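The values are calculated or read from the model by the stated rules, or taken from the named source; none is laboratory data. Note that the coordinates shown come from a computational prediction; the quantities given were computed from them, not determined experimentally. When we count neighbours, we look across all protein chains shown, and the Cβ atoms used for this are built from the backbone with ideal geometry, even at glycine.
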Amino acid sequence: MADLKKAIVDPLWDQNPLTIQILGICSALAVTGKCMPAATMAAGVTLVTAFANLIISSGRNWIPPKVKIIIQLVVVAVLVIIADQILKAFVYDVSLTLSVFVGLIITNCIVLGRIAAFAVANPPVPSFFDGMSNGLGYGLVLMSVASFREIFGSGTWFGIKVMPEGYVLNGMVVLPSAAFFCIGALVWIQKSLTPKLVEKG
């Protein structure tokens, strides 16, 4: 139970995939200009990571070592294709905004990293929750950055106007480079609040 709790809780803060493990940065820079694409990407990564972990963990004792990486990539690719088709069917405009980044979930370090670090050595249930929690940790950072950028760069939140009349939009906030600075600020805040995360060297 302790291990399951650790698998669920750690990725949300102490082992957050974006701010601590520094994984999945490219998509974070690209899709956080608005909240809707960020939320969609976060949901996609969360579901793909959770179910990829579940599937690989369930078959870990039967997958031949020589082809395990190929099998892992095939499983992730199938899940990403399913996610992409669902997006195109139900939220086509958002899928256009996300463009190639949905397909690039296949090579997202968070997905492949959790398979290699957790799913291949643990039972299905903890693996599923590990994948889910890592996706949620990634999503929390994505939504924090996207909310800041959309509110101050566009004056809206999920497309709803939230800033008062007369507010001058900050054009720099909507640039991809702003996402990099936002993530850097979150890393600084997180490590300031949790001294044990600061590496001693």
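Condition check ((1) at pLDDT 90 or above; (2) more than 23 Å from Ala7 (Cβ to Cβ)) across all residues:
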{"site": "Leu112", "(1), (2)": "no, no"}
{"site": "Ala119", "(1), (2)": "yes, no"}
{"site": "Pro123", "(1), (2)": "yes, no"}
{"site": "Val141", "(1), (2)": "yes, no"}
{"site": "Ala146", "(1), (2)": "yes, yes"}
{"site": "Gly153", "(1), (2)": "yes, yes"}
{"site": "Val173", "(1), (2)": "yes, yes"}
{"site": "Cys182", "(1), (2)": "yes, yes"}
{"site": "Gly201", "(1), (2)": "no, yes"}
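What about Val100, is it more than 20 Å from Ala119 (Cβ to Cβ), assigned to a helix (DSSP H, G or I) and among the β-branched types (Val, Ile, Thr)?
Spelling it out, Val100 is indeed more than 20 Å from Ala119 (Cβ to Cβ), assigned to a helix (DSSP H, G or I) and among the β-branched types (Val, Ile, Thr).
Would you mention how many residues in the stretch 121-134 are in a helix (DSSP H, G or I), of a type outside the set (D, E, K, R) and surrounded by 16 or more Cβ atoms within 10 Å (Cβ to Cβ)?
Qualifying residue count, the stretch 121-134: 9.
If you go through the stretch 181-201, how many residues are of a type in the set (A, V, I, L, M, F, W, C) and surrounded by 15 or more Cβ atoms within 10 Å (Cβ to Cβ)? Lay out the reasoning, then the answer.
Here is the first cut: in the stretch 181-201, the residues of a type in the set (A, V, I, L, M, F, W, C) are 181-183, 185-189, 193, 197-198.
From the residues that got through so far, the ones that are surrounded by 15 or more Cβ atoms within 10 Å (Cβ to Cβ) too are 182-183, 186-187, 197.
Total meeting the criteria: 5.
Specify the residue that is nearest to Trp13 (Cα to Cα); the eligible residues are those in the stretch 164-176 that are part of a helix (DSSP H, G or I) and without any contact (Cβ under 8 Å) to a residue 40 or more places away in the chain.
Val173
More than 27 Å from Ala50 (Cα to Cα) and touching a Lys or Arg at 6+ places or on another chain (Cβ under 8 Å): which single residue out of Glu150, Glu165 fits that description? Let's see the steps before the verdict.
Numbers: Glu165 fails: touching a Lys or Arg at 6+ places or on another chain (Cβ under 8 Å).
That would be Glu150, the only listed residue that is more than 27 Å from Ala50 (Cα to Cα) and touching a Lys or Arg at 6+ places or on another chain (Cβ under 8 Å).
If you go through the stretch 63-76 one residue at a time, do you hit one that is of a type outside the set (Ser, Thr, Tyr) and closer than 26 Å to Gln190 by Cβ?
Scanning the stretch 63-76 turns up no residue that is of a type outside the set (Ser, Thr, Tyr) and closer than 26 Å to Gln190 by Cβ.
Hey, any hits in the stretch 60-72 for a residue that's touching an Asp or Glu at 6+ places or on another chain (Cβ under 9 Å), part of a helix (DSSP H, G or I) and more than 23 Å from Leu23 (Cβ to Cβ)?
No, the stretch 60-72 contains no residue that is touching an Asp or Glu at 6+ places or on another chain (Cβ under 9 Å), part of a helix (DSSP H, G or I) and more than 23 Å from Leu23 (Cβ to Cβ).
Hey, any hits in the stretch 157-179 for a residue that's touching a Pro at 6+ places or on another chain (Cβ under 7 Å) and of a type outside the set (Val, Ile, Thr)? First the steps, then the outcome.
Taking the stretch 157-179 first, the residues touching a Pro at 6+ places or on another chain (Cβ under 7 Å) are none.
Checked the stretch 157-179: no residue is touching a Pro at 6+ places or on another chain (Cβ under 7 Å) and of a type outside the set (Val, Ile, Thr).
Every residue in the stretch 134-173 that is under 22 Å from Ile110 (Cα atoms) and of a type in the set (A, V, I, L, M, F, W, C), please.
Across the stretch 134-173, the qualifying residues are Leu136, Leu140, Val141, Leu142, Met143, Val145, Ala146.
Give me the residue from the stretch 11-42 that is polar (S, T, N, Q) and either in contact with a Cys (Cβ under 9 Å, 6 or more places away or on another chain) or not in a helix (DSSP H, G or I) (or both) and, out of that set, modelled with the lowest pLDDT.
Filtering first and then ranking leaves Gln21.
Kindly indicate which of Tyr167, Tyr138 is hydroxyl-bearing (Ser, Thr, Tyr) and surrounded by fewer than 15 Cβ atoms within 10 Å (Cβ to Cβ). Can you show your working first?
On the way: Tyr138 fails: surrounded by fewer than 15 Cβ atoms within 10 Å (Cβ to Cβ).
Going through Tyr167, Tyr138 in turn, just one is hydroxyl-bearing (Ser, Thr, Tyr) and surrounded by fewer than 15 Cβ atoms within 10 Å (Cβ to Cβ): Tyr167.
To keep it simple, each residue is scored yes or no on (1) without any contact (Cβ under 8 Å) to a residue 60 or more places away in the chain; (2) out of contact with any Phe, Trp or Tyr (no Cβ under 9 Å at 6 or more places or on another chain); (3) not in a helix (DSSP H, G or I).
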residue: Asp84; (1), (2), (3): yes, yes, no
residue: Ile115; (1), (2), (3): no, yes, no
residue: Phe148; (1), (2), (3): yes, yes, no
residue: Ile151; (1), (2), (3): yes, no, no
residue: Gln190; (1), (2), (3): no, no, no
